[in-house]
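Report on one structure; see the data block that follows.
The values are calculated or read from the model by the stated rules, or taken from the named source; none is laboratory data. Treat the numbers as computed from the prediction; the structure is a model and nothing was measured. With ideal geometry, Cβ positions are generated from the backbone for all residues, glycine too; neighbour counts draw on all protein chains shown.
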Amino acid sequence: MMSRRKVSALLAASAFVVSATAGLAEKITLKSNDGAVVITGELVSFENGFYTIRSNMGMIGIVADRVTCSGEACPDTKEVAQPVAPAAVETVVTPEPVVEPVVAPVAEVVPETVKVIVAEPAAEAVVVEPVVAEPVAAEPVLVEPVYETVDPATIDFTVKGSDTVGDELMPLLIKGAAESLGAVVKRREVGERQSVHTALAAEGAGDALFSIFLEDKGSSTGFKGLLDGSTAIGMSSRAVKAEEVAEFLAAGLGDPGSFEQEHAIAIDGLLIIVHPENMIGGLTFEQVSGLLSGRIVNWSEVGGADLPVTVYSRNTESGTFSTINDTFLKPYSVELSPSANIVSGNAQLSDAVFADPGAIGYVGFAYQKDTRPVDIVSDCGTVAIPSAFSAKTGEYPLQRTLYLYNSQNELPPMAAALIDYATSFAATPFVEKSGFIGYSVEAESMARRAEILSGQIETMESPSEKALMAELFAELGEWERLSTTFRFKTGSSKLENQSRRDLERLAAFIAENGEGREYTFVGFTDSDGPVEANRKLGLERAESMRAELQAILDPSLLGTVSIDAKGYGEVNPVGCNTDFAGQRLNRRVEIWMR
């Protein structure tokens, strides 16, 4: 079921109010191509690619190529020309005697003039110039959505929260969980952004295994639902806020930021894209801001070709634009360029950038297509490579984690099973189908990283740091890096929640792919403290991760793989050590494989 806004937009684009009275008086049903709108009425006429029907909304004209027709009275539309919108025409006939004119088919339509051939008794046809009235814009026809009713007794549990998660990702995860049980999901729309998902056993022929009420009206509503007990699972496109944690603790509902109550399920990210032939290097945040705001009008101003900049953007109501606005425009007290070309979606924006050599725009990771993503350079010079891999490592700045949350209260069994499924490897295909990035383990060559590091070595002033970086550089060419990356709290070896789950995923990856391979845990730190102390801390973290992995690996695997540990401390930062966010990125243990 579509929202009222979508139904209105579809009809406004394809329908016009008509005043025809003669008709065929036979019922037909017109269904929009996306299946969201169905209108039944009496077929009055079918001319010039338009249906005219009399429905309970009055007389309506609808473009034929926007709908499919069912019913015995449906005309054959195969040979119909492209629709021509009807013009209001007043015909003036001067010869005597005055008779009712018979209007023949329109012979020609040209701007400002419509020629009509009028036949009179006992006389040849006379071509007259009509007085042409200005076409009147049609008022959009509003169709009130009709929702099914819900019997609360049939609902096993409720999921509320983020529309980013709830729009496509959560329905797909519910579908995947049902399929793992040999069931098929039936979806019913029961309200504005509310739906019921029922899993039917035996491929849809059996009884209901579970029924979920899903409401996606924003991340905050998920936390509120957990607090008031109206939902079992909360969906969020952001981490829980400190004030929300305090409310949970005060209500005796546990800590929603704990490992048991916070569950990362996917990564959402954006790419800054340009035309594939635009060989511009990495762009700083300030440069991206200048390009998108129109302050920078030629690519030569940022080291590119002598070519005018063309900005492509989503509309300002888009959630995607909101992320770009908060990252690149607001911090620099600027707004989107007034000459920006506004497009309706990620796919359309990607196509527009591909067609324009001077273009710059932004899309989700799934919509890169044939455009070229641009590296993002931080204020301290670290380079974030735009890829799903760097998003999985947590080192790409234009990303956010998507979560499921629960309270300390005991979960319904199927709700717990849904969370387990959503955080498992099995959910990855459904996460990627929805356009997000999953947590499957990937391997990547470190050749690009070695290239970046070689340039940094030359700028190092400290002999000890320079020697350490040279040692690291020599190692990079021999190994691949896995996307699994473990992060720690300041000065400790305590893992973050996501890293604890990543350890289980790494163990599964090694069990499936690891026989005969070498792995090494490589520890890095932020820059607080002496160089040698940081190297020691990095090594300690790497060794602790090795021990934790060995503890959960199948003992039979330990004799078939080699697992080592190294420490490089503060060298090779992936974030700026001048702020908390950058320091957090640098406190990490990477996994290398060869």
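Which of the residues belonging to the stretch 355-380 are among the small types (Gly, Ala, Ser) and touching a helix residue (DSSP H, G or I) at 6+ places or on another chain (Cβ under 8 Å)? Walk me through it before giving the result.
We begin by selecting, within the stretch 355-380, every residue among the small types (Gly, Ala, Ser); these are 355, 358-359, 361, 364, 366, 378.
Passing the criteria: Gly358, Ala359, Gly361, Gly364, Ala366, Ser378.
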task = Kindly indicate which of Ser544, Ser527 is surrounded by 13 or more Cβ atoms within 10 Å (Cβ to Cβ), free of Cβ contacts under 8 Å to residues at least 60 places away in the same chain, within 30 Å of Thr284 (Cα to Cα) and among the polar types (S, T, N, Q).
result = Ser527
ask   = Is it true that Arg448 is surrounded by fewer than 17 Cβ atoms within 10 Å (Cβ to Cβ) and of a type in the set (Lys, Arg)?
value = yes
query = Under the condition of being crowded, with 23+ Cβ neighbours inside 10 Å and under 16 Å from Glu243 (Cβ atoms), which residue from the stretch 212-222 is modelled with the lowest pLDDT?
reply = Ser219
task = Hey, can you tell me all the residues within the stretch 161-194 that are free of Cβ contacts under 8 Å to residues at least 40 places away in the same chain and not in a strand (DSSP E or B)?
result = Ala178, Glu179, Leu181, Gly182, Ala183
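Yes or no, residue by residue, for (1) outside the structural domain of Ile273 (by TED's automatic domain parsing); (2) within 17 Å of Ser293 (Cβ to Cβ); (3) touching a residue at least 12 places away in the same chain (Cβ under 8 Å); (4) under 17 Å from the mean Cα position of the chain (by Cα):
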site	(1), (2), (3), (4)
Thr316	no, yes, yes, yes
Phe321	no, yes, yes, yes
Ile324	no, yes, yes, yes
Ser337	no, yes, yes, no
Ile342	no, yes, yes, no
Asn346	no, no, yes, yes
Ala352	no, no, yes, no
inquiry  = Under 7 Å between Cβ atoms, which residue pairs at least 6 apart in sequence (or on different chains) link something in the stretch 395-423 that is among the basic types (Lys, Arg) with a partner that is surrounded by fewer than 17 Cβ atoms within 10 Å (Cβ to Cβ)?
reply    = Arg400/Arg238
note = Checked the stretch 246-277 for anything surrounded by 17 or more Cβ atoms within 10 Å (Cβ to Cβ) and among the hydrophobic types (A, V, I, L, M, F, W, C); matches are Phe248, Leu253, Ala264, Ile265, Ala266, Ile267, Leu270, Leu271, Ile272, Ile273, Val274
Strands (runs of 3 or more DSSP E) contained in the stretch 398-498 and holding at least 1 residues more than 30 Å from Thr323 (Cβ to Cβ) and at pLDDT 90 or above = 480-487
ask   = When Trp479 is evaluated against the numbered criteria (1) touching a helix residue (DSSP H, G or I) at 6+ places or on another chain (Cβ under 7 Å); (2) buried (at least 16 other Cβ atoms within 10 Å of the Cβ), which criterion, by number, is the only one it fails?
value = (1)
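Of these, Leu418, Leu398, which one is in contact with a strand residue (DSSP E or B) (Cβ under 8 Å, 6 or more places away or on another chain) and closer than 17 Å to Pro171 by Cα?
Leu418
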request  = Return yes when Thr327 is outside any strand (DSSP E or B), within 14 Å of Leu398 (Cβ to Cβ) and out of contact with any helix residue (DSSP H, G or I) (no Cβ under 9 Å at 6 or more places or on another chain) and no when it is not.
outcome  = no
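Is it true that Val571 is over 34 Å from the mean Cα position of the chain (by Cα) and under 21 Å from Ser390 (Cα atoms)? Walk me through it before giving the result.
Details: over 34 Å from the mean Cα position of the chain (by Cα): yes; under 21 Å from Ser390 (Cα atoms): yes.
Considered against the rule, which asks whether it is over 34 Å from the mean Cα position of the chain (by Cα) and under 21 Å from Ser390 (Cα atoms), Val571 comes out as yes.
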message = Could you list, ordered by first residue, the pairs with Cβ atoms under 6 Å in which the first is in the stretch 563-581 and assigned to a strand (DSSP E or B) and the second is of a type in the set (Asp, Glu), at least 6 apart or interchain?
response = Ala565/Glu543
message = Please determine whether any residue of the stretch 360-370 is under 24 Å from Val297 (Cα atoms), of a type in the set (A, V, I, L, M) and part of a strand (DSSP E or B).
response = yes
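Does Asn534 count as assigned by TED's automatic domain parsing to the domain that holds Glu475, surrounded by 14 or more Cβ atoms within 10 Å (Cβ to Cβ), under 25 Å from Gln456 (Cα atoms) and over 35 Å from the mean Cα position of the chain (by Cα)? Give the derivation first.
Numbers: assigned by TED's automatic domain parsing to the domain that holds Glu475: yes; surrounded by 14 or more Cβ atoms within 10 Å (Cβ to Cβ): yes; under 25 Å from Gln456 (Cα atoms): yes; over 35 Å from the mean Cα position of the chain (by Cα): yes.
Judged against the criteria, Asn534 is a match.
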task = Hey, could you check the stretch 170-207 for residues that are more than 21 Å from Ala422 (Cβ to Cβ) and among the small types (Gly, Ala, Ser) and say which is surrounded by the fewest Cβ atoms within 10 Å (Cβ to Cβ)?
result = Ala205
